Amino acid sequence: SVNVKTGLKTKRERGEHTGGLALYGYKKDPENKGHLIIDPVAAEVVRTVFTLYNQGMGKTAIARELNNRGIPNPTQYKVQSGIAYKTPRNKLGTLWKYPAIADMLQNQMYIGDMVQGKYGSVSYKSHKNKPKPKEQWVIVKGTHEPIIDREVWDKVQALIAQKATPGQKQPEGVF
């Protein structure tokens, strides 16, 4: 167990992909399974999402637009492509939704950086994973070909930060 964890940690630090499935927009390189290559069909959808957001369209509107165009969501695309052998129970839907678009717009993998180790197990006895703080993530820059240019990425991140509104503080109740 310790040796397996050490081996995976070493691979992550070298920038090799250690996951079972590649991120939407990429596929595993058949010659080197630790390397990601661009999936042209899915990458075009990713570019469309970033372009539409840059043009001022909201995340829900983008999801609606992709659904109207009949573009399969990431889970459905993997099933149709034969990449996923089994559809997860909690992801049976075939429609694009707000969280998928929001996650895509903030995923640093699309600019060519390998980001891994976002989640970790609670303990060796449990199969549950919990999110790790961003400082503990393993990020290796420039490990694979980017789908999105850094300029577009920076502009989208600025738009997201600009649109983010801090929570409204409610007045405290008397009781």
Suppose every Lys and Arg Cβ carries +1 and every Asp and Glu Cβ carries -1, with no other charges. What dipole size does the chain come out with about its Cα centre, to the nearest 20 debye?
800
Would you list which aspartates and glutamates come within 16 Å of residue 163, measuring only between C-alpha atoms, while excluding same-chain residues fewer than 8 positions from it?
103, 154
On a straight-distance basis, which aspartates and glutamates could pair with residue 78 in a cross-link, Cα separation under 13 angstrom, same-chain partners fewer than 8 positions away excluded?
39
Taking Rg and Dmax of the Cα atoms in Å as the quantity of interest, determine which of (i) 18.3, 66; (ii) 20.2, 66; (iii) 19.4, 66 was computed from the displayed structure.
(i)
For segment 97-142, report the accessible area per residue in Å² (1.4 Å probe, heavy atoms, rounded to an integer).
67
Counting Lys and Arg as +1 and Asp and Glu as -1 over every other residue whose Cβ sits under 13 Å from the Cβ of residue 158, the net charge comes to +1
Using each residue's phi in segment 67-73, evaluate 6.51 cos²θ - 1.76 cosθ + 1.60 at θ = phi - 60° and report the 3J(HN,Hα) Karplus result to the nearest Hz, with x for Gly and Pro.
5, 5, 6, x, 7, x, 5
Rounded accessible area of residue 98 (nearest 10 Å², 1.4 Å probe)
110
Quote the FRET efficiency, to the nearest 0.05, computed for residue 162 versus residue 98 with a Förster distance R0 of 25 Å and r equal to the Cβ-Cβ distance.
0.85
Cβ-defined net charge surrounding residue 124, 15 Å radius [Lys, Arg +1; Asp, Glu -1]:
+4
Rounded percent of accessible protein surface that carbon and sulfur make up, the chain, 1.4 Å probe:
52
Local net charge near residue 38, Cβ-Cβ under 14 Å (Lys/Arg +1, Asp/Glu -1)
-2
Expressed in square angstrom to the nearest 10, the accessible area of residue 97 with a 1.4 Å probe stands at 120
Anchor residue 141: lysines whose Cα lies under 21 Å away (excluding residues fewer than 8 positions away in-chain)
9, 11, 27, 28, 33, 118, 132, 155
Of the residues 153, 2, 26, the Cα lying farthest along the dipole of the chain towards its positive end, which is defined by charges on the beta carbon of Lys, Arg, Asp and Glu, belongs to 2
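The values are calculated or read from the model by the stated rules, or taken from the named source; none is laboratory data. Given the structure is predicted, the values throughout are model-derived calculations rather than measurements. Heads up, the Cβs are rebuilt from the backbone with ideal geometry, glycines too, and the neighbour counts pull from every protein chain shown. With ligands, DNA and RNA removed, areas are computed over all heavy atoms of the protein, side chains included. Shrake-Rupley method; radii C 1.70, N 1.55, O 1.52, S 1.80 Å.
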